[in-house]
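Notes to accompany the following structure.
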Amino acid sequence: MRSYAMVSPAFWTGPTGMEIRAAGKDPLIVSFYLMTCPSANMIGLYYLPLPTLSFETSIPSHGASKALQILSDLSFSHYDTASAHIWVPEMARFQIAESLKPRDKRVTAVIRELIQAKSCRFIRDFHYKYGSRFSLPSLEAMGILISPHEGALEGPRCQEQEQEQEQEQKSSVSSSVPEDTSPQFLLPGNA
């Protein structure tokens, strides 16, 4: 059994756990699933197709998507539908440590997990949150090349939101005002 799939009993009485519990049964089930599912890893950044989540939790796809949105609104986790990756921002802190010294063998394990998830748009956010705390080299030094346009953290998106964004982008292309394409980092608690 992997040691990083533990859930602290304090989850039930802590503010995040209480907010999730108040949000309903599906968000509670999904939150526990995200911490303990077979795909989970110690850094909380991993590939998780929505049909797998839906099947393994017995929550219909629509309900699972809604639960993911609620968890994102509560800053518990963030899901990228395009790459089917999930990020549970506090998971690395609870499953690994608050910080790691450069020679700690877990640094190598964290780097290995980041390299496996290199196609995930949350890589930059993870590195921003944990890079210095975990003594991580730069993303470029790890061989993770990210487009400067890969962006800010967003919660799960529905198809309607994506269509609206596409229409807005088409409108802005015809506008004479240049678009700001600088990378942004929005982390829970730092906004």
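The values are calculated or read from the model by the stated rules, or taken from the named source; none is laboratory data. Keep in mind that this is a model prediction, so the values were computed, not measured. No Cβ is skipped: glycine too gets one built from the backbone with ideal geometry, and neighbour counts run over all protein chains shown. Calculation scope for accessible area: heavy atoms of the full protein, side chains included, ligands and nucleic acids excluded. Shrake-Rupley method; radii C 1.70, N 1.55, O 1.52, S 1.80 Å.
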Scanning segment 96-113 residue by residue, the ones that are of a type in the set (D, E, K, R) and either within 15 Å of the chain's Cα centre (by Cα) or buried (at least 20 other Cβ atoms within 10 Å of the Cβ) (or both) total 1
Would you be able to tell me the number of residues in segment 114-132 that are in a helix (DSSP H, G or I), surrounded by 16 or more Cβ atoms within 10 Å (Cβ to Cβ) and either out of contact with any Phe, Trp or Tyr (no Cβ under 8 Å at 6 or more places or on another chain) or among the basic types (Lys, Arg) (or both)?
5
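Matching residues to (1) open to solvent by 50 Å² or more (accessible area, probe 1.4 Å); (2) among the charged types (D, E, K, R); (3) closer than 25 Å to TYR128 by Cα:
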site: ALA22; (1), (2), (3): yes, no, no
site: ASP26; (1), (2), (3): no, yes, no
site: THR52; (1), (2), (3): no, no, no
site: SER72; (1), (2), (3): no, no, yes
site: SER83; (1), (2), (3): no, no, yes
site: PHE94; (1), (2), (3): yes, no, yes
Name the pairs whose Cβ atoms lie under 6 Å apart, with the first residue in segment 31-44 and within 15 Å of ALA84 (Cα to Cα) and open to solvent by 10 Å² or more (accessible area, probe 1.4 Å), the second part of a loop (DSSP other than H, G, I, E, B) and not hydroxyl-bearing (Ser, Thr, Tyr), and 6 or more positions between them or separate chains?
SER39/LEU48
Which condition from (1) modelled with pLDDT of 85 or more; (2) in a loop (DSSP other than H, G, I, E, B); (3) farther than 22 Å from MET35 by Cβ; (4) polar (S, T, N, Q) is the one that THR181 breaks?
(1)
